[in-house]
1. Here are the criteria: (1) surrounded by fewer than 23 Cβ atoms within 10 Å (Cβ to Cβ); (2) over 15 Å from the mean Cα position of the chain (by Cα); (3) not assigned by TED's automatic domain parsing to the domain that holds residue 94. Tell me which single one residue 186 does not satisfy.
2. Are any residues in the range 117-130 more than 28 Å from the chain's Cα centre (by Cα) and part of a loop (DSSP other than H, G, I, E, B), and if so, which ones?
3. Filter the range 131-146 down to residues that are farther than 20 Å from residue 202 by Cβ, in contact (Cβ under 8 Å) with a residue 60 or more places away in the chain and in a helix (DSSP H, G or I), then give me how many there are.
4. Which numbered condition trips up residue 119, out of (1) surrounded by fewer than 16 Cβ atoms within 10 Å (Cβ to Cβ); (2) without any contact (Cβ under 8 Å) to a residue 12 or more places away in the chain?
5. When residue 171 is evaluated against the numbered criteria (1) buried (at least 17 other Cβ atoms within 10 Å of the Cβ); (2) over 24 Å from residue 42 (Cα atoms), which criterion, by number, is the only one it fails?
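The values are calculated or read from the model by the stated rules, or taken from the named source; none is laboratory data. Quick caveat: nothing in here was measured; it's all calculated off a predicted structure. Note that we place each Cβ from the backbone using ideal geometry, even for glycine, and neighbour counts take in every protein chain shown.
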């Protein structure tokens, strides 16, 4: 009898340890560029439904996330809106060698808010159109802001539109300005045209030849508290299921570098 009691107590102790470990497992902490928030929410749900660990998503400007990471923010994965910041993190020893890959190619659209029209000549006719204010993401922080600036410069409209420009910290903030009626037009990520709860109005694609390709890179981070979960999430991000989801939001799938 004492032996049985001892075995039962041991089994209960093991069960408690296992269940405690599961309930207190670290989530996979993902820092994501604002343009990719809606797709990554769907991808994270699919990952969890497939048996993956819970995913904690923090959205913001790519430049803002980069600053947080170099200052010690404990993210596991960084889904940037460019290639430059992940590359810098690799150079600084803050990202895991071999883990970087291009997960999506972004697109830029010109969006006219409710009650406003798009230029008859498309994006190139913006400067002669009754634009009260035009929202873009900050070109110094956000790749979509840089693409917006480059496209305006390529079409000779940058200087003329300066007095009407409103810069948001991220491309998500630029869309917010449009949704709240603070601007008449915005240059934002095409993914927002597929998002639930999107603002009204019409949009037109911006010719990608007017700006550098918006190649969005993902990387695993050295200081992440859940390296195994991060590796599993990154593997899922490359899966056919995840690629189908991101294409449904208007992204193009991109080539990848296989991580070890």
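1. Failed condition: (1).
2. 117, 119, 120, 121, 129, 130
3. Residues meeting the conditions: 2.
4. Answer for residue 119: the failing condition is (1).
5. (2) is the only condition that residue 171 fails.
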